[in-house]
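Let me begin by presenting the structure, written as structure tokens, before commenting on it.
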Amino acid sequence: MGRIRLNEDPEVVRTVREGLKKTGGYCPCRTERTDEYKCVCQEFKAQCADPNFEGFCHCLLYYKEK
């Protein structure tokens with residue numbers, strides 16, 4: 001599994017973290033509040049399990065390197 005890091009843009013990190021606080025830890029970029037979208041979301045966990053995936057999670061808070 002590759003390294004997972006925060007987005008290097010502090011403004012994105014600040015904005016997403018504020019959104020997470022307002023939603024109780026659910027992805028602020030989604031309208032549904034289900035376990036699937038609790039940060040770190042299931043979508044990103046599945047992407048991280050793929051050794052060939054490199055990129056950001058849905059809300060751009062985390063980045064997975066190969």
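The values are calculated or read from the model by the stated rules, or taken from the named source; none is laboratory data. As the structure is a prediction and not an experimental result, all values here were calculated from the model. Virtual Cβ from ideal backbone geometry, glycine too; neighbours counted across all protein chains shown. For accessibility, only protein heavy atoms count, side chains too; no ligands or nucleic acids. Shrake-Rupley method; radii C 1.70, N 1.55, O 1.52, S 1.80 Å.
Points to keep in mind about this one:
- Mean Cα-pair separation over length for the chain, i.e. relative contact order, pairs under 8 Å, 6 or more apart, %: 43 percent
- Cubic angstrom per residue, convex hull over Cα atoms of the chain: 68 Å³
- Rounded percent of accessible protein surface that carbon and sulfur make up, the chain, 1.4 Å probe: 50 percent
- In order through the stretch 19-36: 3J(HN,Hα) via Karplus (6.51 cos²θ - 1.76 cosθ + 1.60), integer Hz, x for Gly, Pro: x, 4, 5, 5, 9, x, x, 8, 3, x, 8, 10, 8, 7, 10, 10, 4, 4
- Residues of the chain: accessible area per residue with a 1.4 Å probe, Å²: 66 Å²
- Model label zone, Lys66; criterion: amide N under 14 Å from point 7 Å along Cα-to-beta-carbon; scope the stretch 14-55: 50-55
- The chain - mean residue ellipticity at 222 nm from DSSP helices (-39,500 (n - 2.57) per run, n ≥ 4, rounded to 500): -10000 deg cm²/dmol
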